[in-house]
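This report concerns only the one structure given below.
Please treat every number below as a calculation from the coordinates, not as lab data. Note that the structure is a prediction, hence the values are computed from the model and not measured. Don't worry about glycine lacking a Cβ; one is built from the backbone with ideal geometry, like all the others, and counts go over all protein chains shown.
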2 protein chains.
Amino acid sequence: MPAGFTPRPSLGVPPGPGYPGLVAYHTTLDRATGAAAAAAGPYGAWSAERRRDLLHACADALEAARAGLVELAGAETHLTPERLDGEVTRTTGQLRLYGDHVAAGRHLSARRSAGAAPGGADVWTIDVPLGPVAVFAASNFPFAFGVPGGDTASALAAGCPVVVKGHPAQPRLSRRIAEILASAIADAGAPEGTFGFLDAESADGDPNKLSIELVQHPVIKAVGFTGSLGGGRALMDAAAARPEPIPVYAEMGSVNPVFVLPGAIAGEPGREQWAKTLAAAVTGSGGQLCTKPGVVFVPDTAEGGALGDLTEQLIAGTGPVPMLTAGMAAAHRRWSEKAAASVTSPATPPGEQEADSRSGRPFAVRISAKDFTGDYREEHFGPGTVIVHADPAEYPALAQALEGQLTATIIADDAADTDRSAARELLPSLVAKAGRVVWNGVPTGVAVVEAMQHGGPWPATSAPWSTSVGTEAVRRFLRPVALQGVPADLVG
Amino acid sequence: MPAGFTPRPSLGVPPGPGYPGLVAYHTTLDRATGAAAAAAGPYGAWSAERRRDLLHACADALEAARAGLVELAGAETHLTPERLDGEVTRTTGQLRLYGDHVAAGRHLSARRSAGAAPGGADVWTIDVPLGPVAVFAASNFPFAFGVPGGDTASALAAGCPVVVKGHPAQPRLSRRIAEILASAIADAGAPEGTFGFLDAESADGDPNKLSIELVQHPVIKAVGFTGSLGGGRALMDAAAARPEPIPVYAEMGSVNPVFVLPGAIAGEPGREQWAKTLAAAVTGSGGQLCTKPGVVFVPDTAEGGALGDLTEQLIAGTGPVPMLTAGMAAAHRRWSEKAAASVTSPATPPGEQEADSRSGRPFAVRISAKDFTGDYREEHFGPGTVIVHADPAEYPALAQALEGQLTATIIADDAADTDRSAARELLPSLVAKAGRVVWNGVPTGVAVVEAMQHGGPWPATSAPWSTSVGTEAVRRFLRPVALQGVPADLVG
């Protein structure tokens with residue numbers, strides 16, 4: 001146990017051999033930020049190859065602890081072992097991918113203008129890390145967007161130390177992952193302070209206070225966050241109010257509209273396929289995905305009615321699903337009851353009292369386009385969705401009336417001219433509103449690849465020109481520097 | 001004259017034939033922003049080739065009016081005809097370059113991950129304009145950073161309508177340029193509202209109020225600004241306080257430190273060459289450049305003393321130079337007097353009363369490193385600089401103590417091992433502090449090329465990962481959208 005480190009008994013984590021002497025493990029804001037500031041220069045000067053090796057070592061250490069982590073995560077999140085196991089794989093793959101990306105130099109802007117400066121000197125760019133990054137772990141992806149998630153991976157890949165705040169709903173998992181990462185990072189020879197971890201509680205027990213203090217700490221140069229609009233906005237406001245404002249890369253709310261065109265559901269097989277696919281996307285992981293289809297527009301035709309019926313039945317037929325926290329389960333219950341009350345005659349009532357206070361009963365509410373107002377347009381976290389029956393000719397106008405989105409989806413018959421023509425008319429509105437447009441799929445399942453854009457106009461994110469998933473995420477934590485006539489052998 | 005357009009008699013501009021019926025010319029905030037919002041969709045859908053043609057047409061129209069514009073600019077700015085003529089050339093070249101850049105597709109992120117999505121669909125990116133951009137014309141480059149400057153050119157190249165606020169010190173020039181651009185843009189067939197212009201005065205005569213209203217108008221999606229730290233910060237705060245926060249790309253203050261290494265001035269020819277070069281960079285354009293060397297570190301040796309003597313004499317020997325406004329001249333006088341009073345025995349007093357209230361007398365103050373504190377570290381706009389005599393071994397520490405800078409410069413003997421070794425030690429500190437590092441040159445003269453980075457850490461700019469000069473400036477006004485499996489023939 002490092003000197004000065006005092007485990008919090010309130011977290012239920014026993015002190016003792018579980019806490020090795022971790023070089024970069026800190027429990028107070030001042031210690032973590034001070035160490036991060038000291039690490040910024042030396043770690044920022046590391047070669048991309050060394051950073052790749054560090055990220056691979058982090059991935060290896062998580063793999064080695066996989067079984068225990070999945071168990072611990074299951075206990076704190078109520079997500080299934082299969083889902084959590086897959087998420088570990090995604091997370092370790094992400095760490096390795098971002099390391100490989102920088103080692104291959106693919107993060108570099110690498111612009112060169114030969115002889116362009118006054119006097120004929122060359123001008124070219126290098127890219128330098130911004131400095132210490134504050135990362136806020138999200139609860140719904142305890143690995144992929146948690147302590148070892150995309151923000152941590154991309155900041156470390158960029159050469160920035162990170163100070164990660166654990167999520168209050170997962171105190172033991174957050175701390176255990178932090179131990180593993182800190183140990184791997186120390187073993188890789190990184191300077192103390194390259195990785196710092198803060199428990200979700202501040203000294204006086206107010207987690208929001210700690211978050212604001214972290215964002216406003218002078219050594220912090222950028223922020224990564226995934227969570228609610230309210231939380232993201234609070235961090236943005238705190239960052240903007242600093243003597244030195246800093247960027248906040250916040251991924252917040254989205255209803256991820258899906259537009260079903262008539263051709264795709266003209267026949268029963270199409271209706272069945274899409275009803276199953278949509279129901280699974282709404283209820284999977286308890287509907288607690290930022291890309292869950294929260295609004296599905298279906299044609300106001302007999303076929304659209306049949307699709308709505310089937311989708312609603314499949315969703316309602318899914319048994320209660322465990323949710324991340326009792327608070328989220330209660331919020332879902334309130335949403336379902338309010339939604340059920342707002343329609344004259346819901347086909348399926350929101351159901352009996354859930355089996356336990358942390359379960360949510362999947363629920364679809366069905367309305368017509370004229371009733372698509374107010375709360376229905378706001379993100380709802382949980383296994384629920386809004387099925388809107390509308391004239392497909394109105395889809396572009398309905399899309400234009402939406403706020404910014406992470407995703408927007410078209411479901412169509414590839415071979416039907418009418419669907420293709422309707423899609424052509426609808427696409428500009430979707431491109432204008434969303435960071436990703438999906439064709440004949442569902443928006444859940446975000447591929448961690450170079451071309452991924454997980455962003456979108458406000459309020460989906462704070463910075464729609466950036467992505468929080470995919471290798472371009474690294475670029476958020478870099479800035480270019482132009483060198484003018486500098487002898488190349490003197491740099492780097 | 002367009003309906004509803006009322007020239008402001010207070011600006012001294014006669015109504016009449018000087019105001020043709022300009023489709024996109026607006027005088028009130030509501031009209032300009034409303035038209036820009038309406039133009040965003042159709043103009044954003046223009047092909048890159050059409051945008052190139054529009055930008056070339058703007059350049060051609062400015063060229064055709066060159067002589068009159070230079071004369072008008074001279075009357076309002078007091079800059080020399082030679083300087084202004086060169087600036088027109090730079091500005092028209094910039095408009096054409098940005099047009100060519102987008103027509104060649106060099107602004108596109110163009111990422112593609114084949115078969116990467118669940119189900120094997122391709123994921124690839126397109127880039128879409130953010131929407132209407134508010135541009136604030138700067139006073140010190142009435143063309144290159146003025147109404148037709150880099151922010152306007154890059155936003156139009158990106159496919160964003162612009163609403164430009166003229167600079168209050170150049171009411172006639174701003175309006176004349178706006179007329180020319182509006183006419184050229186209308187002739188190019190662009191939708192009304194693609195270009196809007198606001199006089200610097202708001203209805204009730206408070207230009208700051210108009211600026212804030214413009215930044216906070218809901219249709220505005222991004223802001224381009226070049227000017228003071230105070231002005232930029234006010235716009236940033238206004239943008240951050242919006243219900244939908246938007247990015248402000250503000251280029252603000254910088255002292256542009258120059259570090260002279262001993263080898264470069266070991267001999268008299270070197271000293272003379274660099275004294276002349278530095279004096280010209282300090283006094284050129286009245287020292288009213290954001291890249292003016294505001295602090296020159298010279299060795300605390302006999303040779304450094306000789307360089308300081310010569311540079312100081314050359315600067316002081318330059319006669320009073322006309323400044324942009326009486327306010328700037330007064331501020332320069334106050335700075336010079338304060339600086340002179342702070343040193344025990346200035347070699348050259350700041351001089352007699354200036355010839356007129358809009359002139360500034362070039363002045364160099366010389367201090368030792370221990371006195372390099374407070375005001376000396378802050379940007380001073382005008383023909384003055386601070387020569388700091390320091391031990392070259394202290395240069396890295398002095399650099400680390402500086403705030404963020406647009407530029408930092410090393411002057412060295414390329415062939416001297418001692419200089420190269422000192423530069424190698426100094427460079428990391430300069431890279432950490434500046435957006436551009438110059439070797440054996442002066443930072444004035446910013447090449448408008450692809451590799452240029454005109455940015456830098458706070459307070460030099462609000463967004464050091466962006467540039468306001470060079471073709472990458474276009475990217476500030478775009479965001480990527482990922483398309484997942486979308487049939488390519490249905491897009492764009």
Problem - Cα convex hull volume per residue for region A:39-84 (Å³) - result: 101
Completion exercise
Of A:222-235, B:464-477, ordering from highest average Cβ density within 10 Å down gives B:464-477, A:222-235
Completion exercise
The summed charge of the B:Ala423 Cβ neighbourhood (under 11 Å; Lys/Arg +1, Asp/Glu -1) stands at -4
Fill in the blank from the handout: Taking a ≥ b ≥ c as the square roots of the eigenvalues of the Cα gyration tensor, with a/c under 1.5 meaning rounded and otherwise prolate when a/b exceeds b/c and oblate if not, region B:58-107 is prolate
Practice task
Just check region A:231-344 against the gyration tensor rule for me: Cα atoms, a ≥ b ≥ c as the square roots of the eigenvalues, rounded for a/c under 1.5, and otherwise prolate or oblate depending on whether a/b exceeds b/c.
Solution key: prolate
Handout entry: Fraction of antiparallel bridges per DSSP, the protein assembly as shown only, in percent to nearest 5
Key = 25
Completion exercise
Mean per-residue count of partner chain Cβ within 10 Å for B:241-253 equals 2
Fill in the blank from the handout: Taking every residue of A:420-428, the Cβ atoms of other protein chains inside 10 Å of its Cβ average out to 3
Exercise for the section: Would you mind listing the distances between the A:Gly86 label point and the same position in each other copy? Use 7 Å along Cα-to-C-beta, nm, one decimal, shortest first. Expected result: 6.3
Completion exercise
The size of the Cβ-based charge dipole (Lys, Arg +1; Asp, Glu -1) of region B:17-144 about the Cα centre, to the nearest 20 debye, is 420
Problem - Computed helical MRE - 222 nm, the protein assembly as shown, DSSP H runs ≥ 4 contributing -39500 (n - 2.57), nearest 500 - result: -12500 deg cm²/dmol
Handout entry: Under-5 Å amide H pairs with B:Leu198, H placed in peptide plane, nonlocal only
Key = B:Val164, B:Lys165, B:Gly166
Exercise for the section: Could you give the size of the charge dipole of region A:54-97 about its Cα centre, using +1 on the Cβ of each K and R and -1 on the Cβ of each D and E, expressed in debye and rounded to the nearest 20? Expected result: 160
Practice task
Quote the convex hull volume per residue of region A:157-258, based on C-alpha atoms, as a whole number of Å³.
Solution key: 144
Completion exercise
Expressed as a percent, the portion of alpha-carbon pairs in chain B spaced more than 38 Å apart is 30
Problem - Calculated over region A:97-177: convex hull of Cα atoms, volume per residue (Å³) - result: 98
Fill in the blank from the handout: Given unit charges at Cβ for Lys, Arg (+) and Asp, Glu (-), the dipole magnitude of region A:248-383 about its Cα centre in debye, nearest 20, is 180
Exercise for the section: Output ³J(HN,Hα) for region A:62-68: one whole-Hz value per residue in order, computed from phi by the Karplus curve 6.51 cos²θ - 1.76 cosθ + 1.60 with θ = phi - 60°, and x for Gly and Pro. Expected result: 5, 4, 4, 9, 3, 4, x
Fill in the blank from the handout: Using the Cα gyration tensor of region A:437-492, the equivalent ellipsoid's semi-axes, largest first and to the nearest Å, work out to 34, 14, 8
Fill in the blank from the handout: Taking every other residue with Cβ under 14 Å from the Cβ of A:Ala45 and scoring Lys and Arg +1, Asp and Glu -1, one gets 0
Practice task
From the C-alpha gyration tensor of region A:395-492, pull out the three semi-axes of the equivalent ellipsoid (sqrt of 5λ each), sorted largest to smallest, in whole Å.
Solution key: 37, 15, 13
Handout entry: Histogram of C-alpha separations across region A:397-454, 5 Å bin width, %
Key = 4, 19, 26, 24, 16, 9, 2
Exercise for the section: Measure of size requested: the Rg and Dmax of the protein assembly as shown, with Cα atoms as the atom set and Å as the unit; please supply both. Expected result: 29.8, 94
Problem - Relative contact order (%) - region A:404-492, alpha-carbon pairs under 8 angstrom, separation at least six - result: 27
Fill in the blank from the handout: Answer check: region A:284-333, Cα atoms, Kirkwood Rh, Rg/Rh ratio of 1.05
Handout entry: Nm distances between copies for B:Ala326, ranked from closest, using label points 7 Å along Cα→Cβ
Key = 7.2
Practice task
Considering the rotation that carries chain A onto chain B, locate the chain A residue whose Cβ comes closest to its axis and report the distance in whole Å.
Solution key: A:Ala240, 2
Handout entry: Rg and Dmax of region A:302-445, Cα atoms only, in Å
Key = 16.3, 49
Exercise for the section: Would you tell me the mean number of C-beta atoms belonging to other protein chains that fall within 10 Å of each C-beta in A:456-462, as a whole number? Expected result: 3
Practice task
Before anything else, pin down the relative contact order of chain A: Cα pairs under 8 Å, at least 6 apart, normalised by residue count, whole percent.
Solution key: 17
Practice task
Determine, for each peptide in B:293-299, B:34-40, B:324-330, the mean count of other beta carbons within 10 angstrom over its residues, then list the peptides with the highest first.
Solution key: B:293-299, B:34-40, B:324-330
Completion exercise
For region A:127-170, averaging the sequence separation of alpha carbon pairs under 8 Å that lie six or more residues apart and dividing by its residue count, the contact order in percent is 50
Handout entry: Qualifying aspartates and glutamates (Cα of each under 20 Å from Cα of A:Lys221; at least 8 residues distant if same chain)
Key = A:Asp30, A:Asp127, A:Asp151, A:Glu192, A:Glu213, A:Asp237, A:Glu244, A:Glu251, A:Glu472, B:Asp237, B:Glu251, B:Glu403
Problem - Calculated label separations, B:Lys209, copies of the chain, 7 Å along the beta-carbon direction, nm - result: 4.1
Practice task
Just list whichever of B:Lys209/B:Lys433; B:Lys276/B:Lys370; B:Lys338/B:Lys370; A:Lys209/A:Lys292; A:Lys276/A:Lys338 have alpha carbons separated by over 28 Å in the model shown.
Solution key: B:Lys209/B:Lys433; A:Lys209/A:Lys292
